[in-house]
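Please read the structure below before turning to the comments.
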Amino acid sequence: MDHLLKLLDLTTEDIIDILHLADQLKYEQKNGIKHKYLEGKTLGMIFQKASTRTRVSFEAGMYQLGGQALFLSPRDLQIGRGEPVQDTARVLSRYLDGIMIRTFEQKEVEDLAKYGSIPIINGLTDFAHPCQVLADLMTIKEYKGKLKGLKLAFIGDGNNMANSLIVGGLKMGMKVAIASPKGYEPDKEVLEFAKDNPDFMLTTDIYEAAKGADAIYTDVWSSMGMEAEVEERKKAFKEYQVNSKLMEVTNPNCLVLHCLPAHREEEITTEVFEAHADEIFEEAENRLHAQKAVLVKLLGNK
Ligand code: CP
Ligand code: NVA
């Protein structure tokens, strides 16, 4: 594994390795065991979109591993003034040990990897959010003791989260059910990957998706970059809410997960959110541990 561009590129073995290392790093951190595996290493972090969790967890994670992180805003980089990504990649590769990038197009992330010579990590694109899903899988495994055979239901937009949950869940042997309104389905490439898998289901019916679920997941109706569609989307997604009525059809002790930020009373009610706040914030914490595992795997001495 040379990069983390999207989960489609990873083998099941890669994901198992990352989750295993993430558990170890969480244990080491909680028990005050030194784990400075990236001493002297520098991660550049390019953010073309806002972030709370990704930025802070990568920055703190690099520090805890003995390295450092540079926050690179497009307002300051020449990339914001039109310097091509091919050139940025070749220059930054000469200073840094790795780059994390959050941007719009998946192609930009793939191009950084193509033209640069250091590991590239996708910190969210319109297509994928692999770091989030690694933390999600870690969290489900922590609470349920396993992943294989469990049912994961996603309610809402067929967006970056839905795309990555389908790939990550199926690669780990989970059953994955997606409920999205017509016209808001997951990406074609992901549906192509999932289509012959008997563990995959795509429906417009939220009750069908949630039935017998062991973990239920939702995300905002309008992702970053879709600000112009907010009102139209509010109408399209009105019924796509995780609420106490929907929770009645899930398995007992069903987890509720949300990548955050959450819009209460839109995709999730305050009641369900607060009843499951423990696992939702454990999930947010696990961003730190899962990403530290990715960093050690990609930037550590091989
Ligand atoms: N879940 C997530 O990626 O959060 P941020 O947008 O705050 O980084
Ligand atoms: N789908 C959301 C996820 C945020 C972490 C977005 O892209 O804005």
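Check off (1) touching a residue at least 24 places away in the same chain (Cβ under 8 Å); (2) part of a loop (DSSP other than H, G, I, E, B) for residue 33 and give me the number that stays unchecked.
Result: residue 33 passes all but (1).
For the stretch 154-200, give me each residue that is of a type outside the set (A, V, I, L, M, F, W, C), without any contact (Cβ under 8 Å) to a residue 40 or more places away in the chain and more than 22 Å from residue 131 (Cβ to Cβ).
The answer is 175, 182, 185, 188, 192, 195, 196, 197, 198, 199.
Condition check: of a type outside the set (S, T, N, Q), in contact with a helix residue (DSSP H, G or I) (Cβ under 6 Å, 6 or more places away or on another chain), modelled with pLDDT of 95 or more and more than 16 Å from ligand 2 (Cβ to nearest atom). Does residue 128 satisfy that?
Working: of a type outside the set (S, T, N, Q): yes; in contact with a helix residue (DSSP H, G or I) (Cβ under 6 Å, 6 or more places away or on another chain): yes; modelled with pLDDT of 95 or more: yes; more than 16 Å from ligand 2 (Cβ to nearest atom): no.
No, not satisfied.
Please go through the stretch 189-229 and give me each residue that is within 16 Å of ligand 2 (Cβ to nearest atom), in a strand (DSSP E or B) and of a type in the set (S, T, N, Q), ordered by number.
If the condition is that a residue be within 16 Å of ligand 2 (Cβ to nearest atom), in a strand (DSSP E or B) and of a type in the set (S, T, N, Q), then 218 is the only one that fits.
Please identify the pairs in which a residue from the stretch 47-65 that is part of a helix (DSSP H, G or I) has its Cβ atom under 6 Å from the Cβ atom of a residue that is within 12 Å of ligand 2 (Cβ to nearest atom) and modelled with pLDDT of 95 or more, counting only partners at least 6 apart or on another chain.
Pairs found: 53/284; 53/287; 54/123; 57/287.
All but one of (1) among the polar types (S, T, N, Q); (2) touching a residue at least 60 places away in the same chain (Cβ under 8 Å); (3) under 16 Å from residue 155 (Cβ atoms) hold for residue 244; state the number of the condition that does not hold.
(2)
Quick check on the stretch 212-220. Is at least one of its residues over 20 Å from the mean Cα position of the chain (by Cα) and surrounded by fewer than 16 Cβ atoms within 10 Å (Cβ to Cβ)?
Yes.
Please go through the stretch 224-250 and give me each residue that is touching a helix residue (DSSP H, G or I) at 6+ places or on another chain (Cβ under 7 Å) and surrounded by 18 or more Cβ atoms within 10 Å (Cβ to Cβ), ordered by number.
Selection gives 240, 242, 246, 247, 250.
Name the residues in the stretch 256-302 that are surrounded by fewer than 21 Cβ atoms within 10 Å (Cβ to Cβ) and in a strand (DSSP E or B), would you?
264
Take the stretch 130-170 and flag every residue that is farther than 15 Å from residue 23 by Cα, in contact with a Cys (Cβ under 8 Å, 6 or more places away or on another chain) and not hydrophobic (A, V, I, L, M, F, W, C).
Correct list: 132 only.
The values are calculated or read from the model by the stated rules, or taken from the named source; none is laboratory data. Quick caveat: nothing in here was measured; it's all calculated off a predicted structure. So basically every Cβ, Gly included, is an ideal-geometry build from the backbone, and we count neighbours across all protein chains shown.
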